[in-house]
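Reading through the C-alpha cells given below for one structure.
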Amino acid sequence: MNTSTVILIGGFLGAGKTTLMRRAAAMFADRGQKTGVVTNDQAAGMVDTRFFIQEGIPVREVSGSCFCCNFNGLVDALQTLRSGVSAEVILAESVGSCTDISATIMQPLKEKYRRDFIVGPLSVVLDPARLSEVFPPPDVPDNPLLPRLHESAVYIARKQMEEADILLLNKKDTLDAEDLDRLTAFLRKTCPQARVLALSALNGEGMEEWLAALRGHAGAGGRLAQVDYDVYAEGEAALGWLNAAARLKAPAGAGDWRHFCECFTQTLNRAFQEEKACVGHVKVLLWVEGCPQSLTANSVSTGGLFSLHGGLPAGAAEVDLLVNARVEMSPDALRRIVLRSLNEACAALRLEHSVLSLDSLSPGRPEPTWRYDRVIEA
Ligand SMILES: Nc1nc2c(ncn2[C@@H]2O[C@H](COP(=O)(O)OP(=O)(O)OP(=O)(O)O)[C@@H](O)[C@H]2O)c(=O)[nH]1
Ligand SMILES: [Mg+2]
C-alpha cells in the first residue's frame with residue numbers, strides 16, 4: 001500500500017489557505033502527482049469544499065469540529081484519499097480559528113500512522129493586513145470606526161504563528177518593497193523557529209520556493225505551542241459562525257448574478273459596519289450544478305469591499321448559493337443579517353429564493369482527541 005505525504009496548512013480566517021491549496025493542487029497535478037485535499041469546518045456546507053469539487057480535485061470534508069477535536073475523522077479522510085485515490089500528496093486545511101495543530105494532529109499522526117503517512121512541515125499562512133491587528137504598531141492610534149479583533153482571537157492568531165514550521169507571508173502582491181522587508185524581518189525576529197517566506201497564492205509568485213521548502217524541511221512539527229485552552233475557547237466563541245445554502249431563480253429567464261452578488265454583499269457589509277462587528281471572513285459562492293464556472297465574493301475586514309472573482313455562464317436562470325460567514329457577533333444576529341440581506345437583494349432584483357439549509361453557531365470549547373507534550377521524531 002502507498003504512503004501519502006500530508007501537508008497541513010494553518011493560519012487565521014481569510015489568510016489565503018484555500019487559495020494556496022488550490023494553486024498547489026494544480027501545480028502537483030501538472031507534475032503528474034496524485035493529489036487530494038481535506039477541508040475542515042465547524043459546520044457542513046463549505047465554500048472551500050465546493051471549489052475543489054468544481055476543480056475535479058478529490059476532496060473530503062471534515063465538518064462539525066476542528067481537526068484536533070475530531071482526529072479520527074481527519075484520519076478517516078486521509079485514509080480514503082490514500083487508499084481510494086492513491087493520493088501521493090494530501091493538502092489539509094484546518095479551520096481558521098484552530099491552533100495547537102502540532103501537539104494535537106502532527107505528533108499523533110507521526111507516532112500512530114507512520115506506515116501510512118509522511119507528515120510534512122506545518123505551513124501557517126498570514127495576511128499582512130491582519131498581522132497589523134495581531135501585532136498593532138505601538139505608534140499608530142486605534143481607529144474608533146474600525147472594530148478590533150477580540151483579544152482572545154488575537155491570541156489564537158499568535159499561537160498559530162508560534163507553532164509554525166514555515167510562515168507564509170501571503171498576499172505579497174498587496175505590499176510594496178519596504179513593507180515586505182519590514183514584515184519579513186519582523187516575522188523572522190518574532191518566530192525564529194520558523195522558515196519565513198513571502199508569496200502570493202493569488203498570482204503564484206513565490207509558490208515554487210514554498211514547494212521547495214516543503215521538500216527540504218527536516219523535523220516537521222518540531223515545535224509545540226504553549227496554549228491556554230480557556231483563552232483559546234474564548235477566542236473561538238467570540239466568533240459567530242454561519243453556513244447557509246440557498247437556491248435562487250430568475251423567473252424572467254437569465255439572472256444578473258453579478259449584480260445580485262454586489263447587492264447582497266453591499267447590504268451585508270453595511271450591516272456589519274452598523275453593528276461594529278469585526279469580520280473574520282465572509283465568503284459567498286454562486287454556481288450552476290454541473291458547470292465548472294463559479295462566482296465568488298470575499299471580505300476579510302469590516303467595511304472593506306468584497307472582492308468578486310469569476311462569473312457564471314450567460315443565460316443561467318437558476319443558481320445555487322453558499323454563504324460562509326465568520327463574524328464577531330452572536331450567531332442569532334448573524335443569521336438575521338444574512339437572511340435579511342438575502343431577502344433584500346432578491347427582492348431588489350426580482351429573484352425567487354429558497355433557503356435549503358442554515359447553521360449558525362458559536363464554536364464550542366476545543367477538546368482535542370490527543371494532545372502530546374513532546375515532539376515525536378519522524
Ligand atoms: N491579493 C491577494 N489576495 C489573496 C491572496 N490569497 C488569497 N487572497 C484572497 O483572500 C481572500 C481569502 O482567501 P481564502 O483562500 O479563502 O482564505 P482562507 O484562509 O482559506 O479562509 P478561511 O477558509 O475562511 O479560513 C480571498 O478573497 C482571496 O482571493 C493573495 O496572494 N493576494
Ligand atoms: Mg479556506
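For (1) of a type in the set (Gly, Ala, Ser); (2) within 16 Å of ligand 2 (Cβ to nearest atom); (3) touching a Cys at 6+ places or on another chain (Cβ under 9 Å); (4) not in a helix (DSSP H, G or I), each residue gets a yes or a no:
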{"residue": "187", "(1), (2), (3), (4)": "no, no, no, no"}
{"residue": "197", "(1), (2), (3), (4)": "no, no, no, yes"}
{"residue": "210", "(1), (2), (3), (4)": "no, no, no, no"}
{"residue": "214", "(1), (2), (3), (4)": "no, no, no, no"}
{"residue": "218", "(1), (2), (3), (4)": "yes, no, no, yes"}
{"residue": "224", "(1), (2), (3), (4)": "no, no, no, yes"}
{"residue": "230", "(1), (2), (3), (4)": "no, no, no, no"}
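Where in segment 1-114 are there helices (runs of 4 or more DSSP H), lying wholly inside it, with at least 3 residues that are surrounded by 24 or more Cβ atoms within 10 Å (Cβ to Cβ)?
Fully inside segment 1-114 and qualifying: 17-30.
Looking at residue 36, is it under 16 Å from the mean Cα position of the chain (by Cα), outside the structural domain of residue 299 (by TED's automatic domain parsing) and in contact (Cβ under 8 Å) with a residue 24 or more places away in the chain? Steps first, please.
On the way: under 16 Å from the mean Cα position of the chain (by Cα): no; outside the structural domain of residue 299 (by TED's automatic domain parsing): yes; in contact (Cβ under 8 Å) with a residue 24 or more places away in the chain: yes.
So residue 36 does not fit the description; no.
What's the number of the condition residue 255 fails, among (1) surrounded by 18 or more Cβ atoms within 10 Å (Cβ to Cβ); (2) closer than 25 Å to residue 301 by Cα?
All conditions are met except number (2).
Which residue out of 164, 194, 198, 185 is free of Cβ contacts under 8 Å to residues at least 24 places away in the same chain, over 30 Å from residue 274 (Cα atoms) and not assigned by TED's automatic domain parsing to the domain that holds residue 281? Step through it out loud before you land on a result.
On the way: 164 fails: free of Cβ contacts under 8 Å to residues at least 24 places away in the same chain; 194 fails: free of Cβ contacts under 8 Å to residues at least 24 places away in the same chain; 198 fails: free of Cβ contacts under 8 Å to residues at least 24 places away in the same chain.
Among 164, 194, 198, 185, only 185 is free of Cβ contacts under 8 Å to residues at least 24 places away in the same chain, over 30 Å from residue 274 (Cα atoms) and not assigned by TED's automatic domain parsing to the domain that holds residue 281.
I need the full set of residues from segment 342-378 which are crowded, with 16+ Cβ neighbours inside 10 Å, farther than 18 Å from residue 40 by Cβ and among the polar types (S, T, N, Q), in order please.
Across segment 342-378, the qualifying residue is only 360.
Find the residue count for segment 278-311, including only residues that are within 16 Å of ligand 1 (Cβ to nearest atom) and crowded, with 17+ Cβ neighbours inside 10 Å.
Number satisfying all stated conditions: 20.
Please determine whether any residue of segment 235-250 is assigned to a loop (DSSP other than H, G, I, E, B), in contact with a Lys or Arg (Cβ under 8 Å, 6 or more places away or on another chain) and touching a residue at least 40 places away in the same chain (Cβ under 8 Å). Spell out the reasoning first.
Step one: of segment 235-250, the residues assigned to a loop (DSSP other than H, G, I, E, B) are 238-239, 250.
Checking which are in contact with a Lys or Arg (Cβ under 8 Å, 6 or more places away or on another chain) leaves us with 239, 250.
Now restrict to residues that are touching a residue at least 40 places away in the same chain (Cβ under 8 Å): 239, 250.
So far as segment 235-250 goes, yes, one or more of its residues are assigned to a loop (DSSP other than H, G, I, E, B), in contact with a Lys or Arg (Cβ under 8 Å, 6 or more places away or on another chain) and touching a residue at least 40 places away in the same chain (Cβ under 8 Å).
With respect to residue 268, is the statement that it is at pLDDT 95 or above and either out of contact with any Cys (no Cβ under 9 Å at 6 or more places or on another chain) or polar (S, T, N, Q) (or both) true?
In short, yes.
Inspect all residues belonging to segment 191-199 and state whether any of them is of a type outside the set (A, V, I, L, M), in contact with a helix residue (DSSP H, G or I) (Cβ under 8 Å, 6 or more places away or on another chain) and at positive phi.
No.
Can you tell me which of 237, 246, 271, 225 is surrounded by fewer than 22 Cβ atoms within 10 Å (Cβ to Cβ), in contact with an Asp or Glu (Cβ under 9 Å, 6 or more places away or on another chain) and within 27 Å of residue 336 (Cα to Cα)?
Going through 237, 246, 271, 225 in turn, just one is surrounded by fewer than 22 Cβ atoms within 10 Å (Cβ to Cβ), in contact with an Asp or Glu (Cβ under 9 Å, 6 or more places away or on another chain) and within 27 Å of residue 336 (Cα to Cα): 246.
The values are calculated or read from the model by the stated rules, or taken from the named source; none is laboratory data. Just so you know, these numbers come straight off a predicted model, no measurement behind them. Using ideal geometry, Cβ is built from the backbone for each residue, glycine included, and neighbour counts are taken over all protein chains shown.
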